[in-house]
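Here the structure comes first, spelled out in structure tokens, and everything after it is commentary.
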Amino acid sequence: MNTRTTAIGLILGLGALVDVALSQPPFPGPPGGRRPFAAGQIDATVPQRSVAEDRKAQHGLIANADLELASTNKKLPAGFEADGDFIYSYLGNAVTDRTGWGVRYPSHRDVDGDGAHRGRLSYTVRNLKSDDGRWFRFSVRGLAQEGFSSSAKQLFLKVEFFAADGRNALDSVSQNLYGTIEQIRRDVPSGDTGTLAAVIWRSHAMEFRTPFTEIDTLKLSVGFSDGDGTLERSEFMVDEIDLQRIPDPAEYVAAASAKPGSRSVPPALSKLTPLGGRWYYDPQGKKSAPPKQFDRTNADRLYYLTERLETPFADNMTAWLRRGYVDVDGKQVEQDRFVPDNVLITFSNTHLIIRSHNLPNHPTAVFPDVARAMDGNPNVIREQKQMYYLPLAPQVNPRHQALTGIENRYVMNPGPIGIAVNGVVFFDPYDADAVPAFWRLDRCCGHPSPRSQYHYHKYPVCVKTPWSDDGQHHSPLIGFAFDGFPVYGPYESAGVMAKDATENPLNEFNLHTDEARGPHYHVTPGKFPHIIGGYWGTVDPQNVRRGPGMRP
Ligand SMILES: [Zn+2]
Ligand SMILES: [Zn+2]
């Protein structure tokens, strides 16, 4: 808001930015009793301020973040686009309120006549450079009228990531605001009384980190779906959209510096003890036999051979049982508890055997998601007791079938299909109700299943990779499918994701073969099937037996 607007707000004593709605029934239209505007129309009775007089504030990275009328054609300011049910107009009563122009989402009317009650406003920010920082705060200032309603509780902020100037889609993050709206209605933080006391302007923000260095374009959206408002005052209004760079959050910096970098000088292969398959043990010059078990004390001596030696389990063996999770005995956890043996590894002649409590070693959202920060997932994260068998010599299955979509989901078993090196399981791209899994990726990479098993449906960016995968060479190993074939991060070579590779491209299983790694899967951010597209090899039946925790 510019100074003039604020000054008038103060003179009128309305707190125009905060609670115009308190002063009178909101938005009855300008004096003269006109009804609210039709689709795409604007309120032409409001005197327009000249662009010169009303210099548009540049908020962070969005030009004209306050959505003021920028031209006489009464269209959205440059850079913004909207679709579905929306109205761009002056917000409020022109005589008494100084609010400005904005976008209104009517939850009770099908403005565009497409049969659905949904709408969204978007803005695309281009030419970003990761060197300038990768953390952002996306915020909108909005007001939900007392009749605004969505049957599926969907009012969201969404950020879509792109590389190559918008041509290469690389996933998205989103946050649901509906829970906040419901909370405001319940708690009435304005402290006022009366039917409109909860109808106040609020800033809603989400912070996120771009997951890949090559992201140069962000598409920011605010919108709703499943509108089922019944009253006339059933709109959600937005009068400002903002994007700011923010410094790396302290908890992120701490986590990043706590991770030791990859060892600069790996030992010579000739000094290592073979364990089977691509696995080696570093006896550190002694003649000792390999340990019976690998855990947090020796995981840095367990090597996986590609064209380099990796230590995939180092720093991934421990986790925290967080307050609010449920432990393996079904008890609610009251206090954070360190779990030193979240992942344990042993070897047989034929298998790497992984025991896991399936606790994520990274932040998660709060589950059950009663605040509806995401999709309202009703499940809790529960500690598991699981054991999986990864063949040291994976066998190609000559009858393998690729996953093409929900229609042949049966080519893999329901529930876990593989496991990440931090002991958390992979699922296929769909949730139990057969819809593509919906979740946010900023600081939590997964969510719990109806059996309370935390899991990933796509690239778990929190598993080591944000700290060590800078996209400068082939990504490190991040886990295994239950056929024993390895799963790697997204990169094939410097700056080239495997999903985009034209030389040695991935097949429909998300797999390709090279000399150093043999057949291996890659995760494909923003692209189906995201992790693996079916089992290339024969699944060890011990991994897909039915029982508690084995189904989605
Ligand atoms: Zn899921
Ligand atoms: Zn590869």
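The values are calculated or read from the model by the stated rules, or taken from the named source; none is laboratory data. Here the structure is a predicted model, which means the values were calculated and not measured. Neighbour counts are summed over all protein chains in view; Cβ atoms, including those assigned to glycine, are modelled from backbone coordinates with ideal geometry.
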Which of the numbered conditions does V487 fail, given that it passes all the others? Conditions: (1) within 12 Å of ligand 2 (Cβ to nearest atom); (2) among the hydrophobic types (A, V, I, L, M, F, W, C); (3) modelled with pLDDT under 95. (3)
For L157, indicate whether it is modelled with pLDDT of 90 or more and buried (at least 22 other Cβ atoms within 10 Å of the Cβ). yes
Filter the range 536-552 down to residues that are part of a loop (DSSP other than H, G, I, E, B) and within 19 Å of G277 (Cα to Cα) and give me whichever is modelled with the lowest pLDDT. D540
May I ask you to list the residues in the range 358-404 that are at positive phi and small (G, A, S)? G376
Could you grab the pairs with beta carbons closer than 7 Å, sequence gap of 6+ or different chains, first residue in the range 168-182 and in the same structural domain as K527 (by TED's automatic domain parsing) and surrounded by 23 or more Cβ atoms within 10 Å (Cβ to Cβ), second one part of a helix (DSSP H, G or I) and aromatic (F, W, Y)? none
Among what's in the range 337-361 and is surrounded by fewer than 20 Cβ atoms within 10 Å (Cβ to Cβ) and either among the polar types (S, T, N, Q) or under 24 Å from the mean Cα position of the chain (by Cα) (or both), pick the residue that is nearest to A516 (Cα to Cα). T350
Before we move on, is D110 in a helix (DSSP H, G or I) and at pLDDT below 90? no
Spot the failing condition for R137; the list is (1) among the basic types (K, R); (2) surrounded by 16 or more Cβ atoms within 10 Å (Cβ to Cβ); (3) assigned to a strand (DSSP E or B), and only one is missed. (2)
Residue check: is L128 crowded, with 22+ Cβ neighbours inside 10 Å, assigned by TED's automatic domain parsing to the domain that holds F212 and of a type in the set (A, V, I, L, M, F, W, C)? no
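Quick check on A144: is it in contact with a helix residue (DSSP H, G or I) (Cβ under 7 Å, 6 or more places away or on another chain), modelled with pLDDT of 85 or more and surrounded by 16 or more Cβ atoms within 10 Å (Cβ to Cβ)?
Values: in contact with a helix residue (DSSP H, G or I) (Cβ under 7 Å, 6 or more places away or on another chain): yes; modelled with pLDDT of 85 or more: yes; surrounded by 16 or more Cβ atoms within 10 Å (Cβ to Cβ): yes.
Spelling it out, A144 is indeed in contact with a helix residue (DSSP H, G or I) (Cβ under 7 Å, 6 or more places away or on another chain), modelled with pLDDT of 85 or more and surrounded by 16 or more Cβ atoms within 10 Å (Cβ to Cβ).
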Close pairs from the range 233-250: first assigned to a strand (DSSP E or B), partner of a type in the set (K, R), Cβ under 6 Å, at least 6 apart: E235/R104; M237/R104; D239/R141; E240/R141; Q244/R137
Regarding the range 445-453, can at least one residue be identified that is more than 16 Å from ligand 2 (Cβ to nearest atom), at pLDDT 85 or above, over 30 Å from L309 (Cα atoms) and not in a loop (DSSP other than H, G, I, E, B)? yes
Considering every residue within the range 481-496, establish whether at least one is more than 16 Å from ligand 1 (Cβ to nearest atom), touching a residue at least 40 places away in the same chain (Cβ under 8 Å), buried (at least 24 other Cβ atoms within 10 Å of the Cβ) and at positive phi. yes
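If I ask for residues that are assigned to a strand (DSSP E or B), buried (at least 18 other Cβ atoms within 10 Å of the Cβ) and without any contact (Cβ under 8 Å) to a residue 60 or more places away in the chain, which ones from the range 294-319 would you list? Steps first, please.
First, pick out the residues of the range 294-319 that are assigned to a strand (DSSP E or B): 294, 302-305, 309-310, 319.
Among the residues that remain, those that are also buried (at least 18 other Cβ atoms within 10 Å of the Cβ) are: 294, 302-304, 309-310, 319.
F294, L302, Y303, L309 - these are the residues of the range 294-319 that are assigned to a strand (DSSP E or B), buried (at least 18 other Cβ atoms within 10 Å of the Cβ) and without any contact (Cβ under 8 Å) to a residue 60 or more places away in the chain.
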Which members of the range 320-336 meet the condition of being surrounded by fewer than 22 Cβ atoms within 10 Å (Cβ to Cβ) and part of a loop (DSSP other than H, G, I, E, B)? R322, R323, G324, D327, V328, D329, G330, K331, V333, E334, Q335, D336
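Just to be sure before I move on: is E160 touching a strand residue (DSSP E or B) at 6+ places or on another chain (Cβ under 6 Å), under 24 Å from D375 (Cβ atoms) and outside any loop (DSSP other than H, G, I, E, B) in the structure I sent?
yes
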Of all residues making up the range 513-535, the number that are surrounded by 21 or more Cβ atoms within 10 Å (Cβ to Cβ), within 13 Å of ligand 2 (Cβ to nearest atom) and more than 21 Å from the chain's Cα centre (by Cα): 2
